[in-house]
Structure formats: structure tokens, C-alpha cells
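Working notes for the structure below.
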Amino acid sequence: MTFDDLLERAASLVRPGRRAILGVAGSPGAGKTTLAERLVRELNGDGSRWVAHVPMDGFHLADVELERLGRRDRKGAPDTFDAAGYAALLRRLRDEEQDDGIVYAPGFERTLEQPIAGAVPVPRTARLVITEGNYLLLRDAAWERVRAQLDEVWFCELDETERVRRLVARHEEFGKDHDTAVAWVLGTDQRNADLIAATRARADLVVGPEVTASGSVPRVPPAHRPPDSRSVR
């Protein structure tokens, strides 16, 4: 499976007159965000805005709420997200009858480690939405409602040593010292990673290291276009 194959498969999810939603799942550090951003950038390569990126991370509960719930030390676990709110947003994005010119989704500010409301605009011209997050395939009532809104879910897989290395580097980049970063990755992050790895078999497609470990991005052939260019109604 090449990156070009993925572009073709993503584009094929769109049907005339309806918006499609593609989910990208995987453990922390496996390359979900990188893959989603590459897909969006290349599919929108001609300057159009028919593909949008809506990360799950905007549905992190704020630290003040995690403190109230006693879950601050487990930030990133399934019950530290607003899964119901995430499912509701995806359902709204799927609604062909909604009249909103732009739907706003929350984003996540990594420097602050906090969700930011209204940070991600999804224009009416977006006919494919790519959303990525850890728990899209989790067998849990709240997360099953998320899965129900997705046309396909792809699972990102990366060599475990490289995944851990990337994750430690990310935590260090955003303020943790090396020892604290390693402890978090091998503790909280690893418990979450083990839970996520168990959902792999539920994916429609597994995207392997031949793509997730690569930094190169091929140009998009003209064939990778939506079936038509009309806005979703």
C-alpha cells in the first residue's frame, strides 16, 4: 500500500451529494496527525478546499475539569475526552440538510495542553472530512457512537521503538524534561497504547510503517479529485 493508493482510496469515499468522513486511528506517536495532514494537503493540492481536517484532540477535557474528576494524572485516557460531544460534531458534519455556511470544531493547543473552542473551520465546500484520534475503534458505548459516523477507519502502525522515540521527543518539545517525558510515555501513554492496539482488528485498513515512517510526499495525480465539486447540501 503506497501513499498514492491511500489518496485514491480517500477520494473514492466521497459520493455526489453527500459528505464523507474518514477516521485515522492509532496509538500515540504512530503518525495519525502526520498522515491526516499529508492527505489533506495533497488532496487540496490544486488550491481547492474540498478536504478538511478535524482532529479528535479538541475534545480533550480541560485540565480544570480533569482535576475535578480526579483524572488529571491519566490525561489522554478514553474517559478524559468528551466522546459524546465529538460524536455530535461528526453527526452535524454528516447532516446534509444543515444550513450552516461553516461548522466550527474545537482545536488543541499543545503548548498550553488545552482544548480551544471554535479553532477549526469546516467550510461547506468540504466534501471529505478527515478526523484522527486514538479511540475511534474502541468497543465502548460512547466511542461506538463516534465510529457510527465514520465511513472508514484506518489504523496507523509504526515500529514500537520509533513510536516511543517520537513520543518522547514530542513531550520534550512541549515542555517536559527528558526523565518526565520518558516516565509519561512508558506509563500513561503506554497503557493507552496497549488499549488502542487491541482495536487494530476493527480497522478497515492498516497503514503500515512503509507509509507512517516515511517523510516523503508524492505529488497528486489529477485523478485524485472528488466525484463532483459541488458543495454538500
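Descriptive notes on the structure:
- Rel. contact order, % - alpha carbon contacts under 8 angstrom, at least six apart, the range 1-112: 26 percent
- Förster radius 25 Å - calculated FRET efficiency between Leu195 and Arg18 (Cβ-Cβ, nearest 0.05): 0.15
- Dividing the helix sum by the residues of the chain, where each DSSP H run of 4 or more adds -39500 (n - 2.57), gives a mean residue ellipticity at 222 nm of -10000 deg cm²/dmol.
- Estimated from the Cβ-Cβ distance and a Förster radius of 41 angstrom, the FRET efficiency linking His178 and Glu8 is about 0.50.
- Dipole in debye (nearest 20) - the chain, about Cα centre, beta carbon charges: Lys, Arg +1; Asp, Glu -1: 620 debye
- Under-5 Å amide H pairs with Val207, H placed in peptide plane, nonlocal only: Phe155, Cys156, Glu157
- Compared with the direct C-alpha span, the chain from Arg71 to Ala119 gains 14.8 nm at full extension, assuming 0.36 nm per residue.
- Computed over the range 57-160: relative contact order in percent, which uses C-alpha pairs under 8 Å that are six or more apart: 28 percent
- Between the C-alpha center of the range 116-158 and that of the range 1-75 there is a gap of 6 Å.
- Over the range 3-209: Rg over Rh, Cα atoms, Kirkwood Rh: 0.95
Any read-out appearing in this document is the output of simple, stated calculations on the displayed coordinates, not a laboratory observation. Note that the coordinates shown come from a computational prediction; the quantities given were computed from them, not determined experimentally. Glycine also receives a Cβ, built like all others from the backbone with ideal geometry; neighbour counts cover every protein chain displayed.
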